[in-house]
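As C-alpha cells, the structure follows; a few thoughts come after it.
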Amino acid sequence: MMVEARDHLIGRVLAYRLFADFFRDGLTPDLLSRFEAVDDLMELLPRALDSDEWGARHYEVLGMNVVPYAGWYLDERGLLGGASTASAAFGPGGVLMNGGASESPEHVSSQLAIVEHLLRLQIDGHDTIDDQRRFLDDHLLWWLFPFCFAVRRFEDDFYREVASLLVDVVIDHRADLGTGVPGAVPMADQIDVLSDEKAGVREIAQHLAVVSQSGIVLTRRRIQDMARSADVPRGFGDRVQMLSNLLRSAGQYDRVEQTLQAIAEDCHAWKTMYQRVRRFDVLALDHIAAEWTRRIDNTLAIIDRMSTELGRFQ
Amino acid sequence: MGSKDNRVERLLASLLRSPYRFQDKVAEDSDFGLPKYSESELVPEPIDLTTVVHPDGRMSQYPPPDRWDDWVEWDGRQWPRKVARRYMLVPTVCFNCESACGLLAYMDRETLDIKKFEGNPAHPGSRGRNCAKGPATLNQIYDPERILYPLKRVGKRGEGKWKRVSWDEALDDIAAKMRESRQRRRDGIMYHVGRPGEDGFTNRCIQAWGVDGHNSHTNICSAGARAGYAFWTGSDRPSPDHASARVILLISSHLETGHYFNPHAQRIMEGMEKGAKLITMDPRLSNTASKSDVWLPTWPGSETVVLLAIANHLIQNDLYDRSFVRRWVNWRESLDHFRRHASLAPGIAVDGEDFDAFDRLLKKLYADFTFKRAAEESQVPVDRIRKTADYIADCDGRLATHTWRSASIGNLGGWQVSRCLYFLNVLTASVGTRGGTAMNDWNKFVPKPFDSPPPFDAWNELHLPVEWPLAFYEMSFLLPHFLEEGRGDIDVYFTRVYNPMWINPDGFMWLKALKDEQKMKLHVALTPTWNESAWFADYVLPMGHSGERHDLMSQETHSGQWIAFRQPVRRVALERLGKEVEFTYEANPGQVWEENEFWIQLSARMDPDGSLGVRKHFESPYRPGEIIKVDEYYRWIFENSVPGLPEKAAEEGLDSLAYMRKYGAFEITAENFAPYEAPAAEWDRKDGRGRLEHKGNVVGVLADDDPRVGFKTPSRKLEFVSPTLHDWGWTELEYVVPWTLKSHVHPDEINRAAGEMLLLPTFRLPTLIHTRSANAKWLYELSHKNPIWMHPEDARRLQVDSGELVRVETEIGYFVDKVWVTEGIKPGVIAMSHHLGRWRLREDAGVNRGASNLVDLQEQENGSYGLRVVHGAAAWESFDPDTSRIWWKDVGVHQNLTHGVHPDPISGAHCWLQKATSVRKADPGDRHGDVYVDTAKSMEVYRRWVGLARPATENSPDGTRRPYWLKRPLKPVRAAYQLPTK
C-alpha cells in the first residue's frame, strides 16, 4: 500500500509524535487507543490497560536500564545546543526547542518532537529538508540507534517492537532526505584502556559501561543476566560498580573466560544490528554505523587481549 | 529492505486512518493556535522602571506607563540566546475571581499575540500583584479546547450535534424569540448569571427589556451572609480594612482564599506585619488557619455561640464601646420592642428607658453565653476562646471581620453567623473605622450610565416566590424544582458564564429541566468554554476571557474606592495602530465576542422599530437615533459619572476614555471611613424615631442629637432588634436579635455512633475558581483532585487509609471518592473542595480533556441517575504540546450532584453542609467518581425544606411580597410588590 507524498509526511508526523509520547509517558490510555491503529502492534497490546503495571514497565526499561537522554551516548559536541546541532535546533522561524516541555531537551521524546516539528513545517510549505538532514546526521541518529538497539535487546516484547519500528521509520525518513555526510563524530575518541599499565578491573568496567567507549550498551539487566549465567555475584550499585564486581568475582570463581565470552557475544550482536543499518545504502547511515562498528571492534580487541593474557596465566 | 518498507508503509497508513490526524484539527481552526512572537532587532534600553513600594516594605518594578506603547525586553525563555521582543502593554482586568485585579497584557507588536499577563501597578486594589489565576489567563486565551464560533444545536438536546452559525443568524433568531415573549409577558426571559464580573451593564439591559429577568447565583453563594449584614446595617456586604486592623477575625478563609485572595491576602499580611492578630474559625486547617495566631476549629454551625460568648464577655465586663452603641444602635427601638413583646425573653424585663436599661437588657440576654458553653458546643478548647475574646476586647476599634460563604451559607440559620459576627464590630465600634469593617457600598463605586431605564412592572414567581419574602436574592437553585412542580416556564433562558447543572446542588434536577423543551424553550449559553450545562443548550455563544472584553468593575478590596476597566487588549492594540474595529469579535480569536456588544445588538434587534420601548435605551448619547457603540457607553461614564477622572485625564492631556484605556484603573478616593457619620444635608422634618426627612424622603437620622446620614436600614441606625424580621413573621427571640439558630447539622442531628458524619463540601483552593479555571492548564496542573479529608480517628473506625475509596451516602444518593487521612479536619467531619469533578459525555468534545472525566451518564425511567467514570484526564494531541503532557488522571468527583437542596427559610440560601447518612469503605463494584441520585428523593428533601418557610401570603404585614427596603438586584415598580389579591 502506498501513501501519497503529503500523506506520507503526515503519517511520519503522527509516527514521530506517537514514538515521542510513548518514550516519554509509556503506555497511557490515550496512547493505547493510538497504538490500536497500528496493525503490527495489535497482538502485543493489552486488552485492558493496567496503568500501574505499564508504569512499572516503563520505569524498568527507561528508568532503570536504557537511558533515554542524548548525554548518555554522546559527548558535549553532540549534545543539543552544541555546535553541531544549534543550527538545526533553531531552524526556520526560530523554531522553539523544547518550548515549555516538561522533559529535558536531551530526552528522546523532545528530540523526536523536533523532527516532528520540522516535518510539520515542511507540510506547511517551508523547506526544512536541510534542517532535517542536519539534525538527523549531526545529532539524532548518532545516539538514536544505540538507544533503540538497547531497547530492542531488552526483554520486553512491546518496547522491543516499538523501538524496532522507530528504527525503520527513521531509516526510511533519512533515505528520503537524499545524500549528505555527517559532520564530526560527536563523541570522544576511544581510549585504549589496556595501554595504561595501572588499569585494573574498575577501569575496564568503566570502559565497558561508557557507551561511546565500548560501542555497546550494557544495561543493569544485561549485567545481571551475565552474572546469573556465569553463576557469580555482581553486587549492587551503579553499572560500573556492578561490572567491577562481576569481573572481580568472575576472577575469584574462575569464570573470567565465560564472562568475557558473554561480553564478546554482545559485541557481535551489536555489530550485526549496525550491519543491517549499513545495508540500506545511505551514505550517512553507513558512516554512523561504521563508526559504531569500529568502536565495537576495538572493544572486541580489548576482550581478546584480556583472554590472551588470561591464557598466559592459566 | 522490502520488509522494512512494508512495515513503515503499514504504520504510516494505519496512523493516517486513525482519528488522530492532526491536520483535521488544523484545518478547522486554521487561524488559531499557539501565540507567535517576533524577534526584534531593537535592544532593551536601560531606563528607570516604575517602582511600587508596597506597604509591607517590598518593592516591585514595572515598565513605566509612558513606555507601555512600545516596550522592548529580552525574552528569558530564549536563554542562552539573546532574543529581544517588542511589546505593546495594554491594561485590563482579571475575569477569574471577582476581585477584579489589574492585569497588564504584553502583546507582541508585530503578531499582536499575547506573551504574558503581569500585574498592573496603576490598579489601587491589586497594586501590581496577582495570584496564580491572573497570569493563567494566558492559558484560557490560547486554550485549544475553547469555543471559537457561535454554535447552534442540530440534534436533540444533549446529543452533542452542533453547526456553526454566524453572529447575525444567532442574533436574529434569539431576538425574534425575545420579542415574541416580551409581547406576551414580562416574565418569559431569564438571564441567569454566575459571577457578573461587571457592574451594571447587563442589569441595565434587562431593565430596558422591561422584564423581571434577572436571576443570580447569590443564594448558593452569599445569601446567608448578606441577610445577616443587611438586617444590621441595610447594606449586605462587608469590607474589612485588614491592613490597619489590630485584630482580624475570619469565619473560615473562604473569602481570603477564594474571591479576594490577592487583594485581601496582601493586606492581611500587611496588617500582621504591623502586629495584628489573626484569628480563624474553621473546622479545617486551611493555609490561613495554619498561619493564624488562634485557630478555632469549631463544629460547623456552632460559630454563633462562640461569637456570642465573646460578645457576652465584652458586655458583662463593660469592655464594649458604650458611646458608639448609644449613638448608633437602635437601642430605644429595641427596648420598646422587648417592652411590647414581653414573651420574647421570659423572665427578662425591661426596667427603664435610658441606655443603662439597654445595657442591663444586654447583660441579661446574653448571660448564658459563657466560654464554657461555647467550648462545649464548638468542641474547641476554652482557653482559645478566652484568648480570642481578650484579643478582641483589646482591638481598640480596629476589628476587621469577614464572613461571606462558609458557615453563613453552610447552615440552616447561617445568616445569624454574619449578624453575630458584626455584633462584635458594633460592640467594639469597629464599624467603618480605620482597621474596622465597613460595608461594601462605602468602598465600591458604581458610576451611573448615560441612561437608566425605568423599573419594570412585573414579578417573576420563578425568581422570588411567596415562600421566601426576605430572600437574598432570587431562589435560583430551586428553578428546576419549581419547573418540576409546574410553577411556570421560560421562553428564553440565558446562562452567562454560568454552569447551573454543575455548580448547584441536586444537579440531576437541572439536567431534567435543561432537557425539557416545553419548560425551557430556548437555552442560550454565553460562555468562553464548554461546560456541562452548555452541552444541553440550543445556542452556545463564545464570549471572551479577560483581555477579550469590555467591563467596568469596582470592588471593596480596602477602605478606598476605585474603578477598573477591563479591555479587549488586541482590539485596543489594533486601534492604537490605527486599524478600525467595529466589533470586538473582529479582534478576538475566531469569532469570540464580548457580552456588551452582544447585548446592544440583541436589544436593538429585539425592538427594531422601537415599538417595545427597548430600542431608545440603546441609542447613542452622541449620535441621536443611532445604536450606541461600546466605546461611547464607557466614554459617557468616564466623562460624566466618575468624580475627578476628567480632571486627572486632562493633567496628562488625555480625554477620560483615553486615560482609562491607558491606565486601566482610577482611584476615586484613597480612604472612605465611617460615611454614616456624614452630616445629613438638607432636612425639613424629624419623625418620632429620630429620622430626618426632606420632602417626604428619609435622608438621615439624629445620632446623639447630631443630624447624620446614618445607615440604610429603615431606622437609619444599626438594628439590634430587627423590626423587619418580626413584622414578617419571625417573631421569636432567636430571629429578631443576634442569636444562635440550630443548624441542620447540629451534633444532635448527626448520629456519629451510627456512622453518620458531616460533609463540608465548600472549601476553596486558591488556585481554582469554580468552573472558570478548568481551561487553565497551569492551574489544573497545580490542583486537580478533591479527595475526602478525614480525621485519623474516623479513618481507623472505617478501616481506610489515604488513597482508598469510600462511599459517601447523602439524603438523595451517594458518591465514591478517595480519602485523604489528615489531622487537619475535625473528627466527625469530612471535607471536600468544591471546584473539582468536572465531566464530559464525549471523548473528543465538551469540558477540557485535561480537566474532566469522560463519564457514562445513566438515566432511569424512575428518575434515578448515575454517573460512572470511563476514564479520567488524559493527554491528547492539539496545537499546544502541553496537552500531550497531561500527567494527571484524577480530576475529582462531582459531589454537588448528590446534595439535596436546603433553602434557608429566611435568607433563601442553600445551606450547603450535608449530612452524610453513611460513610463507609466502597463496595467491590464501586469505582472512583461514581455518583448515584434518586430525584424522587430530591423532591422529598425540597418539600421538607419548603415546609420551613413562612410565606408572605400568611405573614406579610402590608399585603406586599417583600419589604421594599430590602435590596434586589433589579427592583420592579412598587405596585409589583403587591401580593395577588386572590
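The values are calculated or read from the model by the stated rules, or taken from the named source; none is laboratory data. From a predicted model like this one, the values you see are computed outputs, not experimental measurements. Backbone-built Cβ (ideal geometry, glycine too); neighbour counts: all protein chains shown. Remember, those area values only see protein heavy atoms, side chains included, never the ligands or the DNA or RNA. Shrake-Rupley method; radii C 1.70, N 1.55, O 1.52, S 1.80 Å.
Shielding by partners for peptide B:729-741, expressed as the average number of C-beta atoms from other protein chains within 10 Å of each residue's C-beta, is 0. Between A:284, A:184, A:199, the Gaussian network model of chain A with springs among Cα atoms under 10 angstrom shows the greatest mean-square fluctuation at A:199. Computed from Cα atoms alone, the Kirkwood hydrodynamic radius reported for chain B is 29.5 Å. Amide H contacts of residue B:763: B:832, B:834, each under 5 Å away and 5 or more positions distant or on a separate chain (H built 1.01 Å from N in the peptide plane; Pro and chain starts excluded).
Residues in segment B:174-180 carry Karplus couplings, in order, of 5, 4, 5, 6, 5, 4, 4 Hz; the curve used is 6.51 cos²θ - 1.76 cosθ + 1.60 with θ = phi - 60°, and Gly or Pro positions show x. Placing B:648, B:156 in order of accessible area, with the largest value first and a 1.4 Å probe, yields B:156, B:648. Residues whose amide H comes within less than 5 Å of that of residue B:431, counting only those at least five positions distant or on another chain, are B:437 (H built at 1.01 Å from N in the peptide plane).
Name the residue from B:32, B:469, A:73 whose Cα lies farthest towards the positive end of the charge dipole of the protein assembly as shown, charges +1 on Cβ of Lys and Arg and -1 on Cβ of Asp and Glu. Checking the options against the dipole of the protein assembly as shown, the answer is B:469. Backbone amide hydrogens, once placed in the peptide plane, bring residue B:494 within less than 5 Å of B:190, B:191, B:192, B:524, excluding anything fewer than 5 places away on its chain. Segment B:283-360: percent of C-alpha pairs farther apart than 13 Å? Counting pairs separated by more than 13 Å, the tail of P(r) holds 76 percent. Within a straight-line Cα-Cα reach of under 16 Å, residue B:648 can be paired with the following aspartates and glutamates, leaving aside sequence neighbours fewer than 8 residues apart in one chain: B:66, B:639, B:667.
Between A:257, A:197, A:291, where does the largest GNM mean-square fluctuation fall for chain A, given springs only between Cα atoms within less than 10 Å? Of the options given, A:197 has the highest mean-square fluctuation.
Radius of gyration over Kirkwood radius for segment B:439-534, both on Cα atoms: the Rg/Rh ratio is 1.02.
Cross-link pairs exceeding 26 Å between alpha carbons, from the set B:777/B:921; B:364/B:717; B:152/B:521: B:777/B:921.
From the square roots a ≥ b ≥ c of the eigenvalues of the alpha-carbon gyration tensor of segment B:201-305, which class results: rounded (a/c under 1.5), prolate (a/b over b/c), or oblate? Here segment B:201-305 falls in the prolate category. Placing a label point 7 Å from the Cα of residue B:17 along the Cα-to-Cβ line, the residues of segment A:34-54 whose backbone N sits under 17 Å from it are A:34-45. The 3J(HN,Hα) values that the Karplus relation (6.51, -1.76, 1.60; θ = phi - 60°) gives for segment B:6-13 are, in residue order, 5, 5, 5, 4, 4, 4, 5, 5 Hz. Gly and Pro appear as x. Excluding ligands, DNA and RNA, the accessible surface per residue across chain A is 42 Å² with a 1.4 Å probe. Once the mean of 1/r is taken over each pair of separate Cα atoms and inverted, segment B:552-687 shows a Kirkwood hydrodynamic radius of 17.7 Å.
Extending 7 Å from the Cα toward the beta-carbon at both residue B:844 and residue A:202 defines two label points whose distance is 5.9 nm.
Helix A:141-152 axis versus longest C-alpha principal axis of chain A: approximately 70°, rounded to the nearest ten.
Could you compute the FRET efficiency for residue B:574 and residue B:180, with r as their C-beta to C-beta distance and R0 at 41 Å, rounded to 0.05? For residue B:574 and residue B:180, the calculated efficiency is 0.65.
Accessible surface computed residue by residue for segment B:368-464, with neighbouring protein chains in place and a 1.4 Å probe, gives 30 Å² per residue. A viscosity of 1.567 mPa s and a temperature of 4 °C, combined with the Kirkwood radius over Cα pairs in Stokes-Einstein, give a translational diffusion coefficient for segment A:1-57 of 104 µm²/s. Chains B and A together bury roughly 3300 Å² of accessible surface, counting both sides and using a 1.4 Å probe on protein heavy atoms. Calculated mean residue ellipticity, 222 nm, chain A: -19500 deg cm²/dmol, from DSSP H runs (n ≥ 4) at -39500 (n - 2.57) each, averaged per residue and rounded to 500.
Packing around the peptides B:553-562, B:570-579, B:467-476, taken as the average count of other Cβ atoms within 10 Å per residue, puts them in this order, highest first: B:467-476, B:553-562, B:570-579.
Peptide A:13-22 has a mean shielding of 4, counted as Cβ atoms of other protein chains within 10 Å of each residue's Cβ. Candidates B:482, B:581, B:507 compared by Cα position along the dipole of segment B:458-583: farthest toward the positive end lies B:581, with charges placed on Cβ.
Annotation for residue B:802 and residue A:231: the two label points, set 7 Å from Cα along the Cα-Cβ direction, are 4.8 nm apart. Phi angles of segment B:597-610 translate, via the Karplus equation with coefficients 6.51, -1.76, 1.60 and θ = phi - 60°, into HN-Hα couplings of 5, 4, 5, 4, 5, 5, 5, 5, 6, 5, 9, x, 9, x Hz per residue; Gly and Pro are given as x. Counting only DSSP H runs of at least 4 residues, each contributing -39500 (n - 2.57), and dividing by the residue count of chain B, the helix-based mean residue ellipticity at 222 nm comes to -7500 deg cm²/dmol. In a reduced charge model with +1 at each Lys and Arg Cβ and -1 at each Asp and Glu Cβ, segment B:171-312 shows a dipole moment near 260 debye about its Cα centre. Taken about its Cα centre, the protein assembly as shown carries a charge dipole of roughly 2040 debye when the Cβ of each Lys and Arg holds +1 and the Cβ of each Asp and Glu holds -1. Net charge dipole, segment B:731-855: roughly 640 debye, given to the nearest 20, about the Cα centre with Cβ charges of +1 for Lys and Arg and -1 for Asp and Glu. Under 10 Å, Cα contacts only: if you run a Gaussian network model on chain A, which one of A:191, A:263, A:216 comes out with the highest mean-square fluctuation? Most flexible of the set in this elastic network: A:191. Taking only the C-alpha atoms of the protein assembly as shown, the Rg (one decimal) and the largest Cα-Cα distance, Dmax (whole number), read 35.5, 125 Å.
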